[in-house]
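Participant: Take a look at this one; I'll ask things after.
The values are calculated or read from the model by the stated rules, or taken from the named source; none is laboratory data. This structure is a prediction, so every number in the text was calculated from the model and none was measured. Using ideal geometry, Cβ is built from the backbone for each residue, glycine included, and neighbour counts are taken over all protein chains shown.
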Amino acid sequence: MAPSVWLMPLKNPPQLVQAGRAVHGRRQREEAYQLAELWALHLYEYEGAVVIGDEEHLIRPGWVSVTPPGVRVVYRFRGESRHFFAHFRLPPGGDLVTMPVMQDALESFGPLTRALEEAAGWLPAQPRRASVRLWDVLWQLAGQPMAEREPNKRLHPALSRAVREIELHLAQSLVIPAIARRAEISHNHLTRLFRAQFGVTIEGYIRRRRVDRARHLLIHTTLPVKTIAGEVGLPDLHYLNKTFRLATGMSPREYRERRGGG
């Protein structure tokens, strides 16, 4: 049976060889190809089917496929079929990440296609810049590094928006209903997503991230502890002491002294 994921070395940037937008299916309803030395990325705008190795996958608009060198691919079209593509080399070395053979890019499809368009436009004059842009696209599509031994679980789009909102405004007062509105989801549904993904409530997640940021500032800066409280969105030093002690078993000053920070 064909694999559902490939193992990709993404520690270093790929070398983008060719990229652009292609149209198939005008004359032939089936086309086969095999790249001997290059990986291939395809972002589909049409319905059809593709046989990768010995397994057939349905193609839907907004879906993405990745194939490694040497794998035979057979496309079956239903008419004029457009897609974005990138052919590239990957340098060996580093931890491997899992890359789904085929996946639904969901709301990321538009940004991904725009990124690939930029890479194609930069390639003739700025090949390194184009390759780094492709690298970012691949990381957005990839699963977890195999070294982490975690399941390949991507964030729900609303959860991703909520996490981004929290990270960007951690130093400010955060109101849960407002976060849910910006994530375009109900408060209750967002709470269920946080529990399923992180094992805590939204409030618990925010508290955890504030403590994590406080740890970083205590070790890597000379900011006074009182200032750090404001930097992580806590109202005063007393609140920081209480929150930090509950999480770590020590005060911020004790933590800084033990870790040699400041």
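Participant: For region 107-118, indicate whether the set of residues that are touching a residue at least 12 places away in the same chain (Cβ under 8 Å), touching a His at 6+ places or on another chain (Cβ under 7 Å) and over 13 Å from Pro14 (Cβ atoms) is non-empty.
Facilitator: no
Participant: Still on this structure: Do you know which residues across region 159-179 are of a type in the set (S, T, N, Q) and surrounded by 13 or more Cβ atoms within 10 Å (Cβ to Cβ)?
Facilitator: Ser160
Participant: So if I check each of Arg27, Arg72, Arg78, which one is more than 21 Å from Leu141 (Cα to Cα), surrounded by fewer than 17 Cβ atoms within 10 Å (Cβ to Cβ) and without any contact (Cβ under 8 Å) to a residue 24 or more places away in the chain?
Facilitator: So the residue among Arg27, Arg72, Arg78 that is more than 21 Å from Leu141 (Cα to Cα), surrounded by fewer than 17 Cβ atoms within 10 Å (Cβ to Cβ) and without any contact (Cβ under 8 Å) to a residue 24 or more places away in the chain is Arg27.
Participant: Hey, another quick one. Name the single residue, out of those in region 49-58 being touching a residue at least 24 places away in the same chain (Cβ under 8 Å), on the phi < 0 side of the Ramachandran plot and out of contact with any Leu (no Cβ under 6 Å at 6 or more places or on another chain), that is surrounded by the fewest Cβ atoms within 10 Å (Cβ to Cβ).
Facilitator: Across region 49-58, the extreme among qualifying residues is Asp54.
Participant: What is the number of the single condition among (1) in a strand (DSSP E or B); (2) exposed (fewer than 14 other Cβ atoms within 10 Å of the Cβ) that Pro92 does not meet?
Facilitator: Only one criterion is unmet by Pro92, namely (1).
Participant: Does at least one position in region 73-83 carry a residue that is among the polar types (S, T, N, Q) and modelled with pLDDT under 90?
Facilitator: no
Participant: The conditions are (1) surrounded by 16 or more Cβ atoms within 10 Å (Cβ to Cβ); (2) in contact (Cβ under 8 Å) with a residue 40 or more places away in the chain; (3) within 19 Å of the chain's Cα centre (by Cα), and Ser65 fails exactly one of them. Which is it?
Facilitator: Going through (1) surrounded by 16 or more Cβ atoms within 10 Å (Cβ to Cβ); (2) in contact (Cβ under 8 Å) with a residue 40 or more places away in the chain; (3) within 19 Å of the chain's Cα centre (by Cα) one by one, Ser65 breaks only (2).
Participant: Here is a follow-up. Among Tyr33, Tyr46, which is the only one that is without any contact (Cβ under 8 Å) to a residue 60 or more places away in the chain, more than 30 Å from Leu159 (Cα to Cα) and among the aromatic types (Phe, Trp, Tyr)?
Facilitator: Only one candidate qualifies: Tyr33.
Participant: Take region 1-55 and flag every residue that is in contact with a His (Cβ under 9 Å, 6 or more places away or on another chain), in a loop (DSSP other than H, G, I, E, B) and within 29 Å of Gln126 (Cβ to Cβ).
Facilitator: Result: Leu35, Leu38, Glu45.
Participant: Where in region 150-254 are there helices (runs of 4 or more DSSP H), lying wholly inside it, with at least 2 residues that are without any contact (Cβ under 8 Å) to a residue 40 or more places away in the chain, among the β-branched types (Val, Ile, Thr) and over 21 Å from Glu107 (Cβ atoms)?
Facilitator: 225-231, 237-248
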